[in-house]
Structure formats: structure tokens, C-alpha cells
Amino acid sequence: MSAKPSAKPVVSRPLSPFMLGQYYRFQISSLLSITHRITGVGLAIGTLFIAIWVMSAVAGPDAYARFAWFARSPIGLLLLLGWSWALMFHLCNGIRHLVWDAGYAFEKKSVDAGGLIVVAASVVLTVAVWLVAYLVPSA
Amino acid sequence: MSLRSPLSQARGLGSAKDGVHHWWMQRLTAIALIPLSLWFAFSIARYHVADYNTMILWLHNPYVAVALVLFFIASFYHAALGVQVVIEDYVASEWLKISSIVLVKLALFALAAASVFAVLKVAFGA
């Protein structure tokens, strides 16, 4: 067998430094980029728990009651609040990515402005979701 | 010296030619998830305190059941694509990279199947 090309790098080439830290000047895009990834992974884990919530309803009243108890506890509420903000942030920043995919808003000014809009919108949407959910009476 | 031709050595090492499909499905599920996530976040905020009967009644609504099925399929698919890229970027060891991607994908698709089954069981049940 011949040596497999590119299986192992012959020389260890330097990697470019991580986008946040001492090597680059701070910019909102790099912060939001890593936040997008962190919220993405967090949401994958969070959605797992919410899927369990739906499955607990199938398992019967007792299983559901145990989940509901946790969802109403301070830790459960905090996790839900964090999950909803992460979802709203990933949603808003995802739309920002879709705008870039369509070929718009690549100017430095619009990239920075878009980042600030995303942060503001994620907070506003999170508050709005919880306000509407609690204030609007059920039919 | 190898008797294999340069072409045979190069085959299989390059692009698997499904990068565009990955990219496209990530965008497609993202667009689907814009309305679905807003609705789902609102529903969770509203129903996380609901008692058992309210919850079952909610799941009996056909619109809710269909929207939940769509949300679970789109979000677990989107998560599988996204987590794959994160693993590819940060896990250097080849065998660890491949095995964790396989594990995450199988787990997420199993979860999607289980949650869709759960929604349908309640929706069709008494």
C-alpha cells in the first residue's frame, strides 16, 4: 500500500488564531458568530428536553406532572427563559445570515448595524413572547 | 512505488459532492423554522405551566399537531446539519470526528422520530 496522501500533515502548519482574544481587534461580528454557534448547540440540547416534555404527555399524567414540576421550578424557568432567548437570537442572526446569502448588507457599516439590530431584536422578541403568552387570555 | 494510478489515489479524497445539498437543506430548514420557532417559543411560554388535561387538549388540535411535527422534523434536521459543521471545525482527530458526527446524527434522528410519534399518538388518541 502506498502512503495515503493528506492522511497526516507532513509539517504542522500554523493555524490562524481564534477570532476572539488578543490577536484581533474586537468586532461585533466575531462575537455574534461564536454566539450563533453556542446558541445553536445549546438549542439542540434544549430542544431535546422539550421533546421529552411532549413525550412525557404521552407517558401519562404522572410522568407529565413530574416534568411540569421541574418546568415550574426556578431552575426550570431560568432554563426556559435562556432557551427562548437563545432561540430568538439564533432566529434573528439566522435571518442576518440569509440576507448575506442573498448577497445583501456586506458593507462594514451594515454588517455592524445588522449585528446591533439582531441583539436588540432578540431581547425584544424574547420579552414579547413571554408577555403575550402570559397576558393574552386563552380561548 | 505504487502501481495505483494517480487518479485512483485522488478519488475519494476530495469533495464528496454533497456540500451544496448540506448548505441548501440548512437554509431550507432555516426558512421553515422562522415562523415555526416564533410559534413554538410562544407556545412553550404559554403551555409550560399547563396541567395535563390542558396539554392533551392542546395536542388534540390538528393545527397544533401538524405544526409540532413540522417543527420537530425541521429543527432536528437543522440541528444535525449545524452540529456536524461545529464538530468538523473543532474536532481534529479523524476517527473521533467521524464517530461523533455519526453518533450525533443517529441520536437526533431518533429524537425526531420519538417526538413525532409522541405528538401523533396524543393527537390520534382518545
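The values are calculated or read from the model by the stated rules, or taken from the named source; none is laboratory data. The structure presented is a predicted model; accordingly, all values stated were derived computationally and were not measured. For neighbour counting, all protein chains shown are included, and Cβ atoms are generated from backbone atoms with ideal geometry for every residue, glycine included.
So here's what we get for this one:
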item	result
Among the residues listed as A:Trp53, A:Trp100, A:Trp69, the single one being more than 9 Å from chain B (Cβ to nearest Cβ), surrounded by 13 or more Cβ atoms within 10 Å (Cβ to Cβ), of a type outside the set (Gly, Ala, Ser) and free of Cβ contacts under 8 Å to residues at least 24 places away in the same chain	A:Trp100
Number of positions in the range B:1-59 that are more than 27 Å from B:Ala79 (Cα to Cα) and not aliphatic (A, V, I, L, M)	11
Unmet criterion (only one of (1) closer than 30 Å to B:Val122 by Cβ; (2) within 8 Å of chain A (Cβ to nearest Cβ); (3) aliphatic (A, V, I, L, M)) for B:Met25	(2)
Test for B:Ala50: is it part of a helix (DSSP H, G or I), within 11 Å of chain A (Cβ to nearest Cβ) and either modelled with pLDDT under 95 or in contact with a helix residue (DSSP H, G or I) (Cβ under 8 Å, 6 or more places away or on another chain) (or both)	no
Failed item in (1) at the interface with chain A (Cβ under 10 Å from one of its Cβ atoms); (2) touching a Leu at 6+ places or on another chain (Cβ under 8 Å); (3) at pLDDT 95 or above, with B:Ile44 passing the rest	(3)
Helices (runs of 4 or more DSSP H) wholly inside the range A:12-102 that include at least 1 residues being over 21 Å from A:Val129 (Cβ atoms) and among the polar types (S, T, N, Q)	A:28-59
